[in-house]
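Undergrad: Structure provided below as structure tokens; questions to follow.
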Amino acid sequence: MALIAPSLLSADFLNLERDCKMLDKSEADYFHLDVMDGRFVPNISFGMSIIKQMRKTTSKFFDVHLMILEPEKYAEDFRKAGADGLTVHLEACVHLHRNLQQIRSLGMKTGVAINPHTPVDLLRDVIHDIDLVCLMSVNPGFGGQSFIPHSLQKIKDLRQLITERNVHTLIEVDGGVNIENAGTIIAAGADVLVAGNAVFSSPDPSDTISQLKKL
């Protein structure tokens, strides 16, 4: 059974407390929090102050996805804001191993995200230091995009690498995940599903989360 991580990027920010409390009561496992800086990706979302307010609504796992340059400058601030896990982009980190050491030293789970064009094999030398790999199945920056079909092969390739290295790294898939394709994504080897638009545009978000949990 996959873990479900609704992306708050698709929430109603005029009713953010309501949506956070809904997720808290739902079967969602994680809160997926997309932080964008307008430099690494062509969009700006929210930062530490908003996450700190969200933290008041739940004790569930805060899966913070940093789509930003120089994430090492802000890692400690995100921990103080309430992050339980911090995911940085391989493409944004010149010294990725150092970034992972920093995140772990701060007491958070380590995550690495890779963009659709980035091969899984580039994680080979650090996979033993990663708690979660976030495979981007859309180009990062905006919600509501369609799942890139080649992502299924990348999930399988990453699962093979994890098995070969005998590590317990989770595979998270982020982008275009919905009720229709989630079963196929799980069958390919995904452990965590990030669903934003599919959950928050649903007439009954909590029920959609329940359906995803049953797949």
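Undergrad: Taking a cut-off of 23 Å between Cα atoms, list the lysines near Lys154, but don't count ones fewer than 8 places away on the same chain.
TA: List returned: Lys109, Lys213.
Undergrad: Running a GNM on the chain with Cα contacts under 10 Å, which residue among Asp191, Asp125, Asp174 ends up with the highest mean-square fluctuation?
TA: Asp125
Undergrad: Okay, moving on. Largest first and to the nearest Å, give the Cα extent of the range 1-118 along each principal axis.
TA: Principal extents (largest minus smallest coordinate, Cα): 39, 31, 30 Å.
Undergrad: Taking the chain as a Gaussian network, Cα atoms linked when under 10 Å apart, which of Gly111, Gly196, Gly141 shows the biggest mean-square fluctuation?
TA: Between Gly111, Gly196, Gly141, it is Gly141 that shows the largest mean-square fluctuation.
Undergrad: Still on this model: How large is the dipole of the chain about the Cα centre if only Lys and Arg carry +1 and Asp and Glu carry -1, each at its Cβ, rounded to the nearest 20 debye?
TA: Using Cβ point charges on Lys, Arg, Asp and Glu, the chain gives about 320 debye.
Undergrad: Something else: Given the options Glu17, Glu180, Glu70, which has the most mean-square fluctuation in a GNM of the chain, springs set between C-alpha atoms less than 10 angstrom apart?
TA: Of the options given, Glu180 has the highest mean-square fluctuation.
Undergrad: Would you mind telling me the antiparallel percentage of the DSSP bridges in the chain, rounded to 5?
TA: 5
Undergrad: Oh, and also: Per-residue HN-Hα couplings for the range 99-104, Karplus 6.51 cos²θ - 1.76 cosθ + 1.60 at θ = phi - 60°, whole Hz, x for Gly and Pro?
TA: Couplings: 4, 5, 4, 4, 4, 5 Hz.
Undergrad: Continuing with the same structure: Using helices alone, I'd like the mean residue ellipticity at 222 nm for the chain: each DSSP H run of four-plus residues gives -39500 (n - 2.57), total over residue count, nearest 500.
TA: Calculated at 222 nm, the ellipticity per residue is -10000 deg cm²/dmol.
Undergrad: Sticking with this structure for a sec: Please list, in order along the range 107-124, the HN-Hα scalar couplings obtained from phi with the Karplus expression 6.51 cos²θ - 1.76 cosθ + 1.60 (θ = phi - 60°), rounded to whole Hz, x for Gly and Pro.
TA: Ordered by residue, 3J(HN,Hα) equals x, 10, 5, 8, x, 10, 9, 10, 6, x, 8, 8, x, 4, 4, 5, 8, 3 Hz.
Undergrad: Taking a cut-off of 13 Å between Cα atoms, list the aspartates and glutamates near Lys156, but don't count ones fewer than 8 places away on the same chain.
TA: Asp121, Glu164, Glu172, Asp191
Undergrad: Okay, moving on. Report the FRET efficiency, 1/(1 + (r/R0)^6), for Asp157 and Leu16, where r is their Cβ-Cβ distance and R0 is 30 Å, rounded to 0.05. Intermediate values should be presented prior to the final figure.
TA: Numbers: r = 37 Å, r/R0 = 1.23.
According to the calculation, E is roughly 0.25.
Undergrad: Now a separate question. Between the range 97-166 and the range 8-52, what is the separation of their alpha carbon centroids in Å?
TA: Spelled out, the Cα-based centre of one part sits 21 Å from the other.
Undergrad: Mind checking which aspartates and glutamates have their C-alpha under 18 Å from Lys25, skipping anything on the same chain fewer than 8 residues away?
TA: Asp12, Glu17, Asp63, Asp204, Asp207
Undergrad: Applying the Karplus parametrisation 6.51 cos²θ - 1.76 cosθ + 1.60 with θ = phi - 60° to the phi angles of the range 11-21, what ³J(HN,Hα) value in whole Hz is obtained for each residue in order, glycine and proline being reported as x?
TA: 6, 8, 6, 6, 10, 5, 4, 4, 5, 5, 5
Laboratory data are not the source of any read-out in this text; all were calculated from the coordinates shown. Note that the structure is predicted; figures quoted are calculated from it, not measured. Positions of Cβ are backbone-derived with ideal geometry, glycine not excepted, and every protein chain shown enters the neighbour counts.
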